[in-house]
Every structure is written in structure tokens, then in C-alpha cells.
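The values are calculated or read from the model by the stated rules, or taken from the named source; none is laboratory data. Predicted model, so just to flag it, every value in this text is computed and none were measured. Here the Cβ positions follow ideal geometry from the backbone for every residue, glycine too, while neighbour counts run over all protein chains shown. Accessible surface is based on the protein model in full, side chains and every heavy atom, while ligands, DNA and RNA are left aside. Shrake-Rupley method; radii C 1.70, N 1.55, O 1.52, S 1.80 Å.
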Amino acid sequence: MAEHLKSKSITRLAIANRGEVAVRIIRACEELGIETVLLHSEPDTGTRAYRMATKKICIGPAPTSESYLNIQANIQGAIAGGAQAVHPGFGFLSENADFAEACEKAGLIFVGPSAKSIRILGDKVSCKELAKRLGLPLVPGYEGENQEVDHLSQVAEKIGFPVIVKAAAGGGGRGMKVLNSRAECRELIESAQRESLSAFGSSKVFIEKYLNRAKHIEFQVFGDATGRVIHLYDRECSVQRRHQKIIEEATSPSLTPELRRKMGEVAVQIAQAAQYKGAGTVEFLLQDDEFYLLEVNTRLQVEHPVTEEVLGVDLVKAQIMTAMGEPVFTDVNSLTLSPRGHSIECRLYAENPYLGGVPSTGLLGLVEFPEGPGRRFEYGFEEGDTITSYYDPMISKVIVWDETRLRAIQKMIRVLKDTVIFGVHTNIPYLIEILSHPEFISGTMTTRFIEKNFSNPLSAPDLSALEKAAGLAALAKIGGSASVSVNSSAATEKSPWQAAWRGI
Ligand code: ADP
């Protein structure tokens, strides 16, 4: 091992997260021979991660502010569990520099970049400032201190409508408003400021030109323990609903080799400038063959599996090994690494596609994923678990790999059709419609694809006699009764037999 690599042993790692990502981290630890401590909230005892972790420590009640977002509760839990390191997963405290710092202060290794790197890149405004200093391409905009609505309205007019107003401290697609004219400015800027304050604790917003036919392309970057930064190619995540990704793929069908090379270089450049360590993602918008840096996510990304599938790497293991000071990706760099085939990920949510995607909660009566070559299921809940209203209603991520994009699409549709989930509604019918749409198949979709093509809720299908019989047989298998809230992903609000399943 090179001398500058200081090996720090981790024999037990705490997980400051829940759901499928907690399961993903536990699996990586199992392969590395590391024990796990799951830091969980009170209602999260009926979950797959809870059953799999070596140790479990309850850190607080259901509200995230009192458990998953409580820095001290997580630190104390990790110490009480005898962990030497903490993996934050994604969401919650994963991009919180204060948490990374608190871990260090408590003598815990934070699996991720340094607090300093998170401060530079994770904060959207300071990330833009760094990009400007480096001369990297950015969407034109304003991120100044003057937050007066009149001033912001003038700025918007100067940039030229449409513009987008975003929460400086925001994330997850929340707190964003698209402004189409001066007349809309006051109301929408004020509303973005209010939303930002209540969701992120700061009312600061910034403005960007709204690119209305852009694609979302991002590059996976990785900084190893020696300070070397490489990129692990790109993903396209243009299929978004309310600025949140639903379907992601690697690599992007929209990049020429020249664009890929240039964007990859920019991604590495900004990560290197912030002395980035571990896994991170540099996001871009691509419009008319011009690309613009959007932001950097200083953590593992929900859609990391598609990169793993096309490159044959394990990003979570690489994160943990890097945290231990061990070498990773030693025999590769971005030039020698080459993606193979195509991978697609769908986020499978407990929601009702026939009612515009309202979350659907309840007991999971039956969960069956159709395993097979090139099929991967990252899930946090199993039969008998309950999807509650406390957290994000994602049940699972479904990932496929195949030799070509078209075959990967065909495989994904087949896999979704063969997936069985009873107990809650799911977005499976919606995902199938999206995957079957000519614009998606041609790879020409932009971030407005959903808004343009799926602005209305899906219309409920009429179930055939065979489907009804299959549903009733499945219900009988799990001993469903009128008191259990059970319905299938194929069921509809209007369906007469579903009413019986729900006991209403
Ligand atoms: P978040 O951190 O909340 O995810 P991002 O800045 O990454 O916010 O943006 C999320 C999505 O919002 C993008 O993928 C894109 O679809 C849309 N978006 C953001 N900024 C712009 C912009 N300037 N023009 C067009 N779309 C944008």
C-alpha cells in the first residue's frame, strides 16, 4: 500500500438512514466483513434493514427532525453501538457538513467527503461561485444577497422569461418555481421564499434562466484516498415529475463521444478543485448541444446502481474502502474504464397512478420480484411490512441491464409486468406507460417529458375476468380479509372488487 494511504480499520459501521439504501449499505458491509448498527426511528422496526443489521439502536420517534435529521441522536447512537464509522446514505443528513464535522469531532469516520468539501460543493450558491472561478459553463442567473422581491423581479426580467426560482439551501426538487412573466413574479417568488424557509430553514432563493428543452445528464465522480479523482461515466435522468427523477439510465443516449469527454472533464475538474473524496455526482443540463453545470451532490446518488451495472463496480464498497484509506479502482481511470451495455432504473413508489400519484399506505400483503439475469431489486420492505405515511413512499428500485438500450427497455417492461405487490397501489402502470412512449424509446425526452405527455392521471383500466380471479387467488393466499387494507397495483379506485379488499 502506498505510504500516503493511512489504513483506518472499520469493524463496525453505523447507518444513519433507512429503507432500501440501508439494506444496500448492510450488504456492502457484509461482503467486507463489517458489522452494522442501524440507527432507526420508532416506527421503523418492521423493515428489511432492521431484520438484517447486526445491531439496531432506536434514535427517536417518527418525525424526521427528532430522529433521522437529529445530528446528536445519530452520533450518540453510533457511539453507543460501538461503531467506528457512519454511513449517511442519501437524503437526511448525507449532505450536511455539520453532521460530517460532528462525526469527526466524536472520533467517528464519516463515510463521504470532508465537511469542507461538502460546504464548498453541497451549497448551491458556493458551488456556483467555485464553478465561475474555474470558468466552467453555468446556467445564466443571479445568486446575490439582495432578496427583495422587487429586486429579484427586475433580475428575472433582465435574464429573460422563463426563469426558475430555487431555494439556495434546497434539494429534492422542492422549493422551485418557474416564472413565465413579470406578472407572476411577486406571488411565485414570495411563495418560493416561504416554502424554502419552512422546508430548509432559510428563505434565501436564487434565479436561473429556465431551459425549457433541456436534458438532465449527470456524471458519477469518485475521489480515492490518495486524492485522485476520476469520473465513472454518465447517467441520464430526464424523466422527472415535479423536478424529481423517476427513471434513470446509464449511459445517456444523448451524448456524442465529444460531449461526453468534455462534460466528464468538467465534472472531474470541479470535484478536484474541492478535494473531493468518495462518491459524488456532478449534474448538468444539456440543451441544443450546450451543457451547463447545475449542481454537485456530495453523496451517493439514488440512481447509483445503473452506473454499477454498466461498469461492474460497487460504489458503496468503494466508499467504505476509501473511508478506511484503502485503494479503490487502482487499475482503472476514466479513459480505460468503458461502459458495457445499458442499464435502466425505475423508482417504484407506493402511490395511486389513477389519482395523480397520491401516496398509498398500508400493509404489504404480497411482494414478489421476478428475479433473473440482468434484473436487480433494491428494496427496503417485504411481505408483512407496512408502508407508513411518515416517509418517502418508495418501495423498491428496479434495475435492469441488457446489451442494448432497446432490450433494456423491453426487459424493464417485462419485469414490471411480472412484479407482484399487494396491499398498496403502486406506480407500475405509470412506469410502463412512460417506458412504452415513443419519445422515451427514441431517447429524445427532455425534463418536461412528463409534464407534456402525462399531465393527467392515468385512466383506470377495466380488469379482465382473469385478472380479477388472479387477484382474488392472491388475496386468498395471504389470508386477506375485509379488515385488511389490500389492493393490487393493477386494481383501480373504480374497481368493484377492490372495494371489498379495502373493507369499505
Ligand atoms: P434539486 O437539488 O432540488 O434536485 P436541481 O438544481 O438539481 O435541484 O434541479 C432539479 C431539476 O429541476 C433538474 O434536473 C431540472 O429538471 C430542473 N431544473 C433545475 N434548474 C433548471 C433550469 N435552470 N432550467 C430548467 N430546468 C431546471
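Things worth noting here:
- Of the residues making up region 150-166, those that are open to solvent by 20 Å² or more (accessible area, probe 1.4 Å) and either more than 15 Å from the ligand (Cβ to nearest atom) or in the same structural domain as ASN96 (by TED's automatic domain parsing) (or both) are ASP150, HIS151, GLN154, GLU157, LYS158.
- Residue in region 60-75 that is more than 22 Å from THR386 (Cα to Cα) and in contact (Cβ under 8 Å) with a residue 40 or more places away in the chain present: yes
- Some residue of region 475-490 being modelled with pLDDT under 95 and within 17 Å of CYS346 (Cα to Cα): yes
- For region 117-141, residues that are more than 21 Å from GLY160 (Cβ to Cβ), open to solvent by 30 Å² or more (accessible area, probe 1.4 Å) and more than 23 Å from the chain's Cα centre (by Cα) total 4.
- Taking the criterion of being of a type in the set (A, V, I, L, M), buried (at least 21 other Cβ atoms within 10 Å of the Cβ) and part of a loop (DSSP other than H, G, I, E, B), the only residue of region 89-107 that qualifies is LEU93.
- Yes/no for ALA169 being within 12 Å of the ligand (Cβ to nearest atom), at pLDDT below 95 and in a loop (DSSP other than H, G, I, E, B): yes
- Scanning region 172-188 for residues that are away from the ligand (no atom under 11 Å from the Cβ) and assigned to a loop (DSSP other than H, G, I, E, B) gives ASN180, SER181.
- Filtering PHE110, PHE99 for residues that are of a type outside the set (Ser, Thr, Tyr) and either touching a Cys at 6+ places or on another chain (Cβ under 8 Å) or within 16 Å of the ligand (Cβ to nearest atom) (or both) leaves a single hit, PHE110.
- Among residues of region 178-232 being surrounded by fewer than 23 Cβ atoms within 10 Å (Cβ to Cβ) and among the hydroxyl-bearing types (Ser, Thr, Tyr), the one that is nearest to THR444 (Cα to Cα) is TYR210.
- Members of region 5-55 found to be among the small types (Gly, Ala, Ser) and at pLDDT 95 or above, listed by number: ALA14, ALA16, GLY19, ALA22, ALA28, GLY33, SER41, ALA49, ALA53
- Any pair with Cβ under 8 angstrom, 6 or more apart, that starts in region 132-159 at a residue that is touching a residue at least 12 places away in the same chain (Cβ under 8 Å) and ends at one that is of a type in the set (Ser, Thr, Tyr) and assigned to a loop (DSSP other than H, G, I, E, B): GLN147/SER203
- Taken as a whole, the structure places GLN301 among residues that are touching a strand residue (DSSP E or B) at 6+ places or on another chain (Cβ under 6 Å) and part of a loop (DSSP other than H, G, I, E, B).
- Just one residue in the set LEU355, LEU337, LEU406 is more than 30 Å from SER67 (Cα to Cα) and touching a Leu at 6+ places or on another chain (Cβ under 8 Å); that residue is LEU337.
- Boolean, PRO327 is away from the ligand (no atom under 16 Å from the Cβ) and either of a type in the set (Phe, Trp, Tyr) or open to solvent by 30 Å² or more (accessible area, probe 1.4 Å) (or both): yes
- Scanning region 287-309 for residues that are more than 11 Å from the ligand (Cβ to nearest atom), over 16 Å from ARG24 (Cβ atoms) and surrounded by fewer than 24 Cβ atoms within 10 Å (Cβ to Cβ) turns up ASP288, ASP289, GLU290, PHE291.
- Tally of residues being surrounded by fewer than 16 Cβ atoms within 10 Å (Cβ to Cβ), farther than 19 Å from MET412 by Cα and away from the ligand (no atom under 11 Å from the Cβ) across region 434-457: 5
- Among the residues of region 369-391, those identified as among the hydroxyl-bearing types (Ser, Thr, Tyr) and either at pLDDT 95 or above or touching a strand residue (DSSP E or B) at 6+ places or on another chain (Cβ under 8 Å) (or both) are TYR379, THR386, SER389, TYR390.
- Just one of the listed residues (THR36, THR11) is more than 19 Å from the chain's Cα centre (by Cα) and open to solvent by less than 10 Å² (accessible area, probe 1.4 Å), and it is THR36.
- One residue stands out among those in region 274-285 that are open to solvent by 10 Å² or more (accessible area, probe 1.4 Å) and more than 11 Å from the ligand (Cβ to nearest atom): the one that is nearest to the chain's Cα centre (by Cα), which is LYS277.
- Given (1) within 16 Å of the ligand (Cβ to nearest atom); (2) outside the structural domain of LEU255 (by TED's automatic domain parsing); (3) without any contact (Cβ under 8 Å) to a residue 60 or more places away in the chain, number of the condition GLU345 does not satisfy: (3)
- Number of the exception - PHE381 against (1) open to solvent by 20 Å² or more (accessible area, probe 1.4 Å); (2) touching a Leu at 6+ places or on another chain (Cβ under 7 Å): (1)
- Region 39-58 - residue that is hydrophobic (A, V, I, L, M, F, W, C) and within 17 Å of THR388 (Cβ to Cβ) and, of those, surrounded by the fewest Cβ atoms within 10 Å (Cβ to Cβ): CYS58
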